[in-house]
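Undergrad: Dropping the structure in here first, questions after.
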Amino acid sequence: MEDEQKTILNKIVDYQRVGMLCLFLSTFLYVGTFIPPYQAIEWKLEVLSGVSLLFLLSSFICCWRSAKLKKKLQ
């Protein structure tokens, strides 16, 4: 039982780290949409915005999964 709890705790830490990484990448890419040369080319702006949104959604999913595992641990 203790090994299972340790495994769940490690998964929680991993999900939190991946969630923070996805949030950082999403912010970085979103800031990239404000660079003037990329605003002139429409498809590059759309790609940056879309990928930023995907990373943001991934971050929320990781945080949700982490919270779900915390409830399971208690």
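Undergrad: Under the Kirkwood approximation for Rh and a Cα-based Rg, what ratio Rg/Rh is obtained for the chain?
TA: 1.23
Undergrad: Can you tell me which lysines have their Cα less than 16 Å from the Cα of Lys6? Leave out same-chain residues fewer than eight positions away.
TA: Lys68, Lys70, Lys71, Lys72
Undergrad: Ok, one more. Figure the gain on full extension for Val31 and Leu45 (residue separation times 0.36 nm, minus the Cα-Cα span) and round it to one decimal in nm.
TA: My answer for the length gained is 3.9 nm.
Undergrad: Any chance you could give the angle, 0 to 90 degrees and rounded to 10, that helix 2-32 forms with the longest Cα principal axis of the chain?
TA: 10 degrees
Undergrad: Assuming R0 = 22 Å, what is the FRET efficiency of Gln5 and Trp64, from their Cβ-Cβ distance, to the nearest 0.05?
TA: Once rounded, the FRET efficiency stands at 0.60.
Undergrad: Oh, and also: Distance between the C-alpha centers of the range 1-39 and the range 52-74? Whole Å please.
TA: 9 Å
No lab work stands behind these numbers, since they all come straight from the coordinates. In this text the structure is predicted, and so the values were computed from the model without any measurement. Cβ sites come from the backbone with ideal geometry, for glycine too, and all protein chains shown count toward neighbours.
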